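Derivation of every value follows stated rules applied to the coordinates shown; laboratory data play no part. Quick caveat: nothing in here was measured; it's all calculated off a predicted structure. Backbone-built Cβ (ideal geometry, glycine too); neighbour counts: all protein chains shown.
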Amino acid sequence: MEPERAVASSVTPGGVGAEASRGTAGGATMTKVVVAVDASEESLHALSWALDHVVRHHPGASLVVVHAQHPADHFVYPVAAHGLAYIPPTAVESMKKTQEENTRKVVARALEVCAQRQVVAKAAVVEGDPKEAICQAVEEMHADLLVLGSRGLGMIKRALLGSVSDYLAHHASCPVLIVKPPKAHAKGTGNST
Amino acid sequence: MAETNAAPAPAAAAAEEEDCSSRKMVVVVGVDDSDHSYSALEWAVRHVAAAADAELVVVHGKPSASSVVTFGSPGAGDVVRFVEADLRKRAEDVVDKARRLCIANSVHGLIEVIEDEPRYVLCNAVEKHGADLLVVGSHGYGAIKRAFLGSVSDYCTHHALCSVMIVKQNKPKK
């Protein structure tokens, strides 16, 4: 099996190689890139990095920024990932409004980053458990690449990899790019571990 | 580790900040002798290295005979020789396939084989070459298998100093 493939790729690089890749690597071109964003600076940095290093070289690719919104019908609301606030029923409406406002801001910031680089992007907001919602969105959109910040959407300060990023790295139906924060790119200068 | 890199690092970091557009991206891809790893390399070569005209470094962590064979019997010495020869042959096959793939896609790639555990080999290669991106395949193990067998992609995602791309073999699209 292996020798055949090796021989084939050297004989007809264009034709056979492309056929082989379509079956396993999911397509010969990168046409749709999905970037998960939240309110963190890190996810914006992930978006910028992806735009500068990957999307730039695929001018035909379409970009979708996805924001996962926590379901608004809960009476318990996660606060800064280390606490839970109980929301009395009377305050649910205003919670919803605040949440929608936050979502709007997150999406607007992300689209602005794209616009700064002359990249046209669409936005999608998904509700529910972030990791499952994004996973499903990626599948439905037939994404060719998913981009995340390394803390993902969990914002847990001490972990180097958020649980959402970890989940998506293994369960997403397409390749996943995990972008490290700028400090990590400084190649060994005071990387906090 | 930090000390030896201290001198070139600030210059490299400064260069990276300003020269992002003109400096070539450095991409390290980890390969072993599995099919999914080859697919990951294919994906990286096609969509990243070729598209971005990046500098590609293909790194293979060759297992050593001692990590595969445990000594315990009188005939162990001979076994080690055979195992060593087999491992070397496999590493050569990996290198060969990688080289052909690069040629087929008109990508210039540096191919390295280092004898050590893959996780360390990949993270060290990232540091050594000042990589912007590390690409690894994924076995697609479940959480329990990953806990027992260890996962190179997990380790690299946590410890590599650059962004990491995990390329799985796709499930068939609906």
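Extending each Cα 7 Å along its Cβ direction at B:Asp96 and B:Asp35, get the distance between those two points in nm, one decimal.
That separation, rounded to one decimal, is 2.0 nm.
Once the piece of chain linking A:Thr29 and A:Glu140 is laid out straight, how much longer is it, given 0.36 nm per residue of separation minus the C-alpha distance between them?
38.2 nm
Count, for each residue of B:35-41, the Cβ atoms from other chains sitting within 10 Å of its Cβ, then give me the mean as a whole number.
That average works out to 3.
Would you mind putting A:137-148, A:48-59, A:96-107 in packing order, based on average other-beta-carbon counts within 10 Å, highest first?
A:137-148, A:48-59, A:96-107
What average count of beta carbons from other chains do you get within 10 Å of the Cβ of residues in B:154-161?
If you average over the peptide's residues, the count of other-chain Cβ atoms is 5.
By average Cβ neighbour count within 10 Å, what is the ranking of B:106-115, B:38-47 from highest down?
Answer by packing, highest mean first, reads B:38-47, B:106-115.
What are the residues whose amide H is under 5 Å from the amide H of B:Ile111, where those residues sit 5 or more places off or on another chain and H is modelled from the backbone?
Here the answer is B:Val58, since their amide H atoms fall under 5 Å of that of B:Ile111.
Just counting partner chain Cβ atoms within 10 Å, what average do the residues of peptide A:167-176 show around their Cβ?
Per-residue shielding by partner chains comes out at 6.
What net charge do the residues around A:Leu44 carry, taking every other residue with its C-beta under 10 Å from that of A:Leu44, with Lys and Arg at +1 and Asp and Glu at -1?
Residues close to A:Leu44 contribute a combined charge of -3.
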